[in-house]
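**Student:** A single structure is presented below for examination.
The values are calculated or read from the model by the stated rules, or taken from the named source; none is laboratory data. Predicted model only: the values in this text are computed from it and were never measured. Reconstructed Cβ throughout: ideal geometry from the backbone, glycine too, with neighbour counts over all protein chains shown. The accessibility values were calculated without ligands, DNA or RNA, using every heavy atom of the protein model including side chains. Shrake-Rupley method; radii C 1.70, N 1.55, O 1.52, S 1.80 Å.
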Amino acid sequence: MGDLLRVEGLVKYFSTDQGLIASRLSKKVHAVDGISFTVRSGETLGLVGESGCGKSTTGRCLIRLLEPTAGTIDFDGIDVRALKGRALQEFRRDVQFIFQDPYASLNPRMTIGEIVTEPLAVHRLGTPQERRARAKELLDVVGLNPEHINRYPHEFSGGQRQRIGIARSLALKPRLVICDEPVSALDVSIQAQVINLLDDLQDQFGLTYVFIAHDLSVVRHISDRVAVMYLGKIVEVGGWQGLYDEPHHPYTQSLLSAVPVPDPAKQRTRERIILQGDVPSPIDPPNGCRFHTRCPIAQDICHHQEPELRQVAPDHEAACHFAKPFPIELAAVAPGTEAADAV
Amino acid sequence: MALLEVSDLKTQFTTRDGVVRAVDGVSFALEEGHTLAIVGESGSGKSVTALSIMRLIPDPPGKIAAGKVVLRGESVLDMSDADVRAMRGDRIAMIFQDPMTSLNPVFRVGFQIGEALRIHKGMSRKEADARAVEMLDLVGIPNAPHRAKDYPHQFSGGMRQRAMIAMALACDPDILIADEPTTALDVTIQAQILELMIELQQRKGTAIIMITHDLGVVADMADDVMVMYAGKQVEYGSADAVFYSPQHPYTWGLLDSLPRHDIDEKGTLLPIEGQPPSLIDVPPGCAFHPRCPYAQAVCRETCPELREIEPGHMAACHFAGTDSLVRGRVATAEGEVR
């Protein structure tokens, strides 16, 4: 399978000041700071990380909901950043978005039939009758009753609303769908329904997903490949199995060890890496490796030299000077001591 | 005698559309120094259970319609308002999901922590301030004397939750009720907070009621687990019993719909079909029957009582513990197996 989406050196800075004269003086939020990745046709790439790591900003830049500060985005041979007018609109038929909040992303004054076919109306596709027929078809595809086409969003539960959002994203038969935390607002039992639905739709329509979420278990379940982000950088990327079985970056390792598993005996005996402190501010990210302020194995080099992503196994890259497979004996190594032995 | 005994608690809200039975007959006992987890999805009544114990149900529209809450032999539901105020924050303290909305933005953090001490322990401003600094230090806030003078907005999310814990534990309560204390936090910060709660519990012997929807957090913290659905307790037992030999089909559904990252293969998620019921219009019989793949005629008519399946392990299902209920195998009327 070929690459559908290729991202090179994507950067997005936000100005902290909206004023007229402040732009040159004010500080910048380094939301996304030079990330590169590819998404193969038909696969799901998971983007995972904690709040403020830049995963949602990345998703929004991919479809130009936000204008990137720098970098290139190549979608099936099209230079996305150069698109204007008609060409941009054409591109947006191929790429759709599913939002996190099923309450805020549906217009309460539109019927769900209107919501689901709005993309067709925007792109002037089909007659009203054809659109209506398509709406019923789409509702059926996502497991809603097509008879409910004239109801309003408030008549539906959170899980059903998320299905409406998914139906809308499918209306234009897109090739790439960016899912930004599509299940995090849902209860566990409903979350599983929506995940299974996304899986089925991918098989049925040959969709490619970029799946953005903070829940490591959900991302593992749905993704073929996973990229872990920290403070605007990708720190580790690879096939789901390699990344979860043998995480090489100490951040990925601590992230995985921090997620409690629903198994009391395992929980009692699991070795956990508890990271100290908070994520530093993206306004003034640390020099060198951005993770060094919290990293249990950080050395001098990490303070001044930024590690590049390098291959650590087939289809598996990590950005750490000391990347090595789990288990790094993190607990035994105090910051700044004999971690050099671990190289 | 248990530290806290709750029996047949019923809390209702009167609304324009009818009476909402938010908590409908919940019973449990909490031992000294133990942790009880209350698990359930949104609207299952877990938070209302906690608020009822604290007598924080707004009346009207709410009302504790029946039941007993007994703290060290003393009936909480019969206390005078003054006694309840003396109990809250001193003997039972509570922390909430969103630390930003539970801290007052216009007072310094240290002053807010000291408030309970001034009220309950009659400390002077100076004594309370000193103790607040001690508490901040205890919950791992670096440079506590300085940070006590900060306002809440100067704290990060994890630090605010630490400050809330410091506030809750300032008076050495017997019971700490934690309502989704880590839901708003990132996982690495969640791990810090859970670790802190376990450590403080061991040091101070505080009993904890942990309200959460996250079964991982339950497995991490709980001695005992109570599973709630539509205001009712559907399963209750030790954490090991509930995780390793769950008896209620709803509990199975919760466990089977959870993606896991600690198991080699990607299993298939088996969601619970349908939606949780509206509490105004709870299905007759067992509230779970419309979503239960094992439901039979009796489930539509009679509400199952909570009964003991194994010693200390209860479930509210007509077929729990019988041969007609085998996890993952559904016997239909035609004798087919799904």
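**Student:** Lysines within cross-link reach of residue B:126: Cα-Cα under 17 Å, excluding same-chain residues under 8 positions apart?
**Tutor:** Hits, sequence-local ones excluded: B:149.
**Student:** Right, here's the next one. Can you give me the span-like helices of chain A, meaning DSSP H runs with 24 Å or more of Cα extent along the axis and Kyte-Doolittle mean at or above -1.0?
**Tutor:** TM-like helix candidates: A:188-205.
**Student:** What order do A:110, B:228 take when sorted by accessible area (1.4 Å probe), most exposed first?
**Tutor:** A:110, B:228
**Student:** Another question, then. Antiparallel as a % of all DSSP beta bridges within chain B, to the nearest 5?
**Tutor:** Beta bridges within chain B, antiparallel portion: roughly 65 percent.
**Student:** Per residue, how much accessible surface does the range B:138-243 expose to a 1.4 Å probe? Answer in Å², no decimals.
**Tutor:** The answer is 28 Å² per residue.
**Student:** Of B:10/B:68; B:10/B:46; B:10/B:63; A:324/B:266; B:68/B:232, which pairs sit farther than 18 Å apart, going by alpha carbon to alpha carbon?
**Tutor:** Too far apart for the 18 Å limit: A:324/B:266.
**Student:** Could you work out what % of the accessible surface of the protein assembly as shown is carbon and sulfur, using a 1.4 angstrom probe and leaving DNA, RNA and ligands out of the count?
**Tutor:** Carbon with sulfur: 49 percent of the solvent-accessible area.
**Student:** Moving on to the next point. What figure, in Å² to the nearest 10, do you get for the accessible area of residue A:271 with a 1.4 Å probe and non-protein molecules left out?
**Tutor:** Roughly 150 Å² of residue A:271 is accessible to a 1.4 Å probe.
**Student:** With θ set to phi - 60°, apply the Karplus curve 6.51 cos²θ - 1.76 cosθ + 1.60 along the range B:160-173 and write out the HN-Hα couplings as whole Hz, x wherever there is a Gly or Pro.
**Tutor:** Values per residue, Gly and Pro as x: 5, 5, 4, 4, 4, 5, 4, 5, 5, 8, 4, 8, 6, x Hz.
**Student:** Moving on. On average, how many beta carbons from a partner chain sit within 10 Å of the beta carbon of a residue in A:253-259?
**Tutor:** 5
**Student:** Excluding residues fewer than 8 places away in the same chain, name every one of the lysines whose C-alpha is closer than 26 Å to that of residue A:12.
**Tutor:** Partners within reach: A:27, A:28, A:55, A:84, A:233.
**Student:** Next question, about the same structure. Identify which of B:90, B:256, B:174 has the largest mean-square fluctuation in a Gaussian network model of chain B, with springs joining Cα atoms closer than 10 Å.
**Tutor:** Greatest mean-square fluctuation among the candidates belongs to B:256.
**Student:** With just the Cα atoms defining each centre, how far is the range A:40-97 from the range B:4-60? Give it in Å.
**Tutor:** Cα centroid to Cα centroid, the span is 46 Å.
**Student:** Taking 51 Å as R0, compute the FRET efficiency from the Cβ-Cβ separation of residue B:308 and residue B:85 and round it to 0.05.
**Tutor:** 0.85
**Student:** Give the average, rounded to an integer, of partner chain Cβ atoms located within 10 angstrom of each Cβ in B:265-277.
**Tutor:** 5
**Student:** Using 1/(1 + (r/R0)^6) with R0 = 41 angstrom and r between the beta carbons of residue A:86 and residue B:265, what's the FRET efficiency to the nearest 0.05?
**Tutor:** That gives a FRET efficiency of 0.30.
**Student:** Identify which of B:216, B:25, B:33 has the largest mean-square fluctuation in a Gaussian network model of chain B, with springs joining Cα atoms closer than 10 Å.
**Tutor:** B:216
**Student:** Given the rule -39500 (n - 2.57) for each run of at least 4 DSSP H residues, summed and divided by the residues of chain A, what is its mean residue ellipticity at 222 nm, to the nearest 500 deg cm²/dmol?
**Tutor:** Value at 222 nm, helices only, nearest 500: -9000 deg cm²/dmol.
**Student:** Assuming R0 = 51 Å, can you tell me the calculated FRET efficiency for the pair residue A:125 and residue A:271, based on Cβ-Cβ distance, to the nearest 0.05?
**Tutor:** Approximately 0.35, to the nearest 0.05.
**Student:** So for the pair residue B:32, residue B:68, with labels modelled 7 Å out along Cα→Cβ, what separation do we get in nm?
**Tutor:** Here the answer is 2.1 nm between the modelled labels.
**Student:** Okay, next question. Rounded, prolate or oblate for the protein assembly as shown? Axes are the square roots of the Cα gyration tensor eigenvalues, ordered a ≥ b ≥ c, and the cut-off for rounded is a/c under 1.5.
**Tutor:** It is oblate, given that a/c is not under 1.5 and a/b is not larger than b/c.
**Student:** Please report the accessible area of residue B:261 (heavy atoms, 1.4 Å probe, ligands and nucleic acids excluded) in Å², nearest 10.
**Tutor:** Its heavy atoms expose roughly 30 Å² to the probe.
**Student:** Given only helices, namely DSSP H runs of n ≥ 4 each adding -39500 (n - 2.57), what is the per-residue ellipticity at 222 nm of chain B, to the nearest 500 deg cm²/dmol?
**Tutor:** So the helix-based figure for chain B works out to -9000 deg cm²/dmol.
**Student:** With contacts defined as alpha carbon pairs under 8 Å and 6 or more residues apart, what's the relative contact order of the range A:77-174 in percent?
**Tutor:** 40
**Student:** Only Cα pairs within less than 10 Å get springs; with that Gaussian network setup on chain A, which residue of A:255, A:231, A:65 has the largest fluctuation?
**Tutor:** Result for chain A, Cα springs under 10 Å: A:65 fluctuates most.
**Student:** Follow-up question, since we're still on this one. About its Cα centre, how strong a charge dipole does the range A:77-174 have in debye, to the nearest 20, once Lys and Arg get +1 and Asp and Glu get -1 at the Cβ?
**Tutor:** With Lys and Arg at +1 and Asp and Glu at -1, about 260 debye.
**Student:** Next up: Under a Cβ-Cβ limit of 4.7 Å, which cysteines in chain A have nobody to pair with?
**Tutor:** Those would be A:53, A:61, A:179, A:295, A:320, since no other cysteine Cβ in chain A comes under 4.7 Å of theirs.
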